[in-house]
Amino acid sequence: MKQKENRHKKLKKMEAAATIWIISLVIGLVVIGVVAFLLSKINSTAKQIDSAASKIWTQGKMVANNTIQIPLFLATTNKVVDQIYSTAVNIVGGAKAIQDHTEGCPGCPDCIISKK
């Protein structure tokens, strides 16, 4: 009888160990599934980030290509502005001379017309 009882206890212990083992395996599979899901989400997010970073890099290179020419155009623009300024100063000087002449000349505008 004791043998039967001991065998019964051993059988119960083995059943309990098997149950714990099965539960552990199920929990392990669930954890593996969750980890696989999270890793796939991380992977897809990393691909999106890589794609966005690539687009940003491309746009940055395009901006750099556009702005690298600004100093070249500014040098030309500065030369043209200097020429315009010199011409404007000459025009202002001529206008001032005409104004001074007309203010002091009693015969204007006839004197200017008759000189031709």
Practice task
Only residues that are surrounded by 10 or more Cβ atoms within 10 Å (Cβ to Cβ) and among the small types (Gly, Ala, Ser): list them for the range 52-70, please.
Solution key: ALA52, ALA53, SER54, GLY60
Problem - Failed criterion for CYS111 (all others in (1) modelled with pLDDT of 80 or more; (2) surrounded by 10 or more Cβ atoms within 10 Å (Cβ to Cβ) hold) - result: (1)
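The values are calculated or read from the model by the stated rules, or taken from the named source; none is laboratory data. The shown structure was predicted, so the numbers you read here are calculated from the model rather than taken from an experiment. With ideal geometry, Cβ positions are generated from the backbone for all residues, glycine too; neighbour counts draw on all protein chains shown.
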